[in-house]
Amino acid sequence: MSIDLAPLAASARLLFEIPLRPVQGQRFQPTGFPGLGAATFQTAHGLCLLVESAQSMANRLELTCWDEARQDLKSELQGLSHVRVLRKGSFLTDTVLESHRLNSPYLLEGKDKQFFDTLKSELGGLAEGPIDRRKLAEALLRFDIGSLLHGVFLAKKELAGGRLRVARALSAFIEADGVRVAASGGVKNDHVNPSGDAKLGYGNVPFARDEFTAERITLYANLDLGQIRGYGLGNAAERLLVLLALYKLRLLLESALRLRTACDLEPATEAFMAKRPAGFALPDAASLREALGPAIAACKSAMTVTEVVFNDDLKKAKDEDKTADEEVDESVE
């Protein structure tokens, strides 16, 4: 059954506001930040809470595409472009798993510069003057289609002076309204040496813990249809990108909302209707899988699966990865 995307043709955004609830009980544990803790904020409606950030949700959306047992894209997504990284003949990572997609040190910082040089050649005409967004989009479609939804910032100065960036086209976050603190705590028990030195991991250690309850928990999702059309990639690629975004959102809602041990959420409704444009329903997973096959086939000639070898020392790579994180633009974090 073909999925009709015509209702989206006149809209610049596809917006969803999906109510959530804890799978069990009333309490849930939100995301926390160093030096801040839970991210609470005041609105005209009272105390609110950031349950899951856009950065985290972006990575969770990517994982809906990944078959961890096979270390590859799921079977229904085979044919989509992405870059696999091998180390000493074994799988190391993939652009699907990398927080900054193609701007990964395992692709751009290794001693083997073959892929870096290929990417530089593809983007060579962008070194001076205004960025040709269509040419950039074509290169991203060829090597890593996920970057066109997830966003990417190619921070290397050798690549157009570090000016190549694409903001997220698909973004999501979870907020809670009318929240209250549910204070609790516990004790880490040491049945062998209860009075031992806690600094060394021994002894009984009491701890406090703040969870929350909420009147409403909502997952907000935003697909920038105008940005996707602005890539200039043509109808087939636009359809593929929209279907892929819908697939990620549907799979996230069905299987990937156990955010933490104490934050296991589920949709509070069975019908996922768009806030804008009104009346558009998120297709079911089976229909999306069926529609993605022909859509991928229609763009097959524009995409490739690339393998890159990274045999550098991993400790060095970790340090370089930290540098890349510090440089990345917040719009695609």
Check D117, D112 and return the single one that is under 26 Å from A160 (Cα atoms) and touching a residue at least 40 places away in the same chain (Cβ under 8 Å).
-> D112
Is there a residue being outside any helix (DSSP H, G or I) and touching a Leu at 6+ places or on another chain (Cβ under 8 Å) anywhere in the range 124-135?
-> yes
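If the requirement is being within 17 Å of F116 (Cα to Cα) and of a type in the set (S, T, N, Q), which of these qualifies: S90, S75, S99, S104?
On the way: S90 fails: within 17 Å of F116 (Cα to Cα); S75 fails: within 17 Å of F116 (Cα to Cα); S99 fails: within 17 Å of F116 (Cα to Cα).
Answer to the check: S104.
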Out of T95, T118, which single residue is modelled with pLDDT under 95 and either assigned by TED's automatic domain parsing to the domain that holds C299 or among the small types (G, A, S) (or both)?
-> T118
State the number of residues belonging to the range 28-77 that are out of contact with any strand residue (DSSP E or B) (no Cβ under 9 Å at 6 or more places or on another chain) and free of Cβ contacts under 8 Å to residues at least 24 places away in the same chain.
-> 7
Okay, strands (runs of 3 or more DSSP E) sitting entirely in the range 190-296 with 1 or more residues that are of a type in the set (V, I, T) and surrounded by 17 or more Cβ atoms within 10 Å (Cβ to Cβ), I get 216-224
Residues of the range 135-157 that turn out to be free of Cβ contacts under 8 Å to residues at least 60 places away in the same chain and buried (at least 23 other Cβ atoms within 10 Å of the Cβ), as a count | 4
Just checking, which of A167, A176, A160 is in contact with a Gly (Cβ under 7 Å, 6 or more places away or on another chain) and touching a residue at least 24 places away in the same chain (Cβ under 8 Å)?
-> A167
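The values are calculated or read from the model by the stated rules, or taken from the named source; none is laboratory data. Source: prediction; values computed, not measured. Every residue, glycine among them, receives a Cβ derived from its backbone with ideal geometry; neighbour counts consider all protein chains shown.
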